[in-house]
């Protein structure tokens, strides 16, 4: 397929590279210049602007937040104004339910197709084309996108005909992962303060009752106190919890644990942890207990 790809962060660059590697004709654009060189070397084309990505069958966006996604779609030189009728916008960004609904309506008015297809997976999974993709929208359009999903992920999960359903599922999944990180942090703080080996504890849990990637990946990071470099930065985790709470409020669904997570992330950011991985919230319980190996000094005001 002839594609445009917008958003060349660590995730987006890896996803675009996999599309090029399997033979798709990809034009790439990033609002911050200088990130396209490795993709050009692979065989991608560099677009000078958003319009330059709009000449094919579909445009994929992988952007950080609602602000970036809205600017790319609705600006004078944006996707709504320049995608051909019948072309597809595949939004793989983690954005709000409200913005996804707005995009659905705007693309429909313009005679374009819109699919929401956010992903689960960290940058290493993106590079290995092992992402899990949650897709929602018109079934025929999703079927058209399946070769793209196969190039970027290990499995795509169609979740409904309303695109915003995929965004809500993604936000709920990130809420669950953040909840697991918080619970792991509290448990590790408890056994660590008692002098029990943190690494042996995580190995026990992940080899028995919690044999799942989220516990293995984040349990290891918490046991080590290793929260940088960030694969998924704390401000993005904070953003996703805020969006999950906004969706919950609109649906009148209380999420008390979500409110706790909101404040945990806010604490990380207030103490200078913008550069840390979102798993750093799992180190806060040990900090509260006065026993936080690996936590940066800026996040340990009580025990400096």
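The values are calculated or read from the model by the stated rules, or taken from the named source; none is laboratory data. Because the structure is a prediction, the values reported are computed rather than measured. In this analysis, Cβ positions are derived from the backbone assuming ideal geometry, glycine residues included, and neighbour counts consider all displayed protein chains.
Here are the numbers for the structure shown:
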read-out: Residues (over 24 Å from residue 66 (Cβ atoms) and modelled with pLDDT under 95) located in the stretch 1-35; value: 34
read-out: Pair list, Cβ < 6 Å and 6+ apart or interchain, from the stretch 111-125 residues that are in contact (Cβ under 8 Å) with a residue 60 or more places away in the chain to residues that are in a loop (DSSP other than H, G, I, E, B); value: 119/92; 122/231; 123/231
read-out: Failed criterion for residue 216 (all others in (1) in a helix (DSSP H, G or I); (2) closer than 24 Å to residue 95 by Cβ hold); value: (2)
read-out: Verdict on residue 95 being farther than 17 Å from residue 8 by Cβ, in a strand (DSSP E or B) and touching a residue at least 40 places away in the same chain (Cβ under 8 Å); value: no
read-out: From 8, 3, 19, residue being in contact with a strand residue (DSSP E or B) (Cβ under 7 Å, 6 or more places away or on another chain) and assigned to a loop (DSSP other than H, G, I, E, B); value: 8
read-out: Residues of the stretch 127-174 classified as farther than 14 Å from residue 91 by Cα, in contact with a helix residue (DSSP H, G or I) (Cβ under 9 Å, 6 or more places away or on another chain) and in contact (Cβ under 8 Å) with a residue 40 or more places away in the chain, total; value: 7
read-out: Residue in the stretch 235-247 that is surrounded by 15 or more Cβ atoms within 10 Å (Cβ to Cβ), more than 17 Å from residue 176 (Cβ to Cβ), within 22 Å of the chain's Cα centre (by Cα) and at pLDDT 95 or above present; value: yes
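Results for (1) within 22 Å of residue 21 (Cβ to Cβ); (2) surrounded by 20 or more Cβ atoms within 10 Å (Cβ to Cβ), shown as yes or no for each residue.
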residue	(1), (2)
41	yes, no
50	no, yes
55	yes, no
62	yes, yes
70	no, no
74	no, no
96	no, yes
107	no, yes
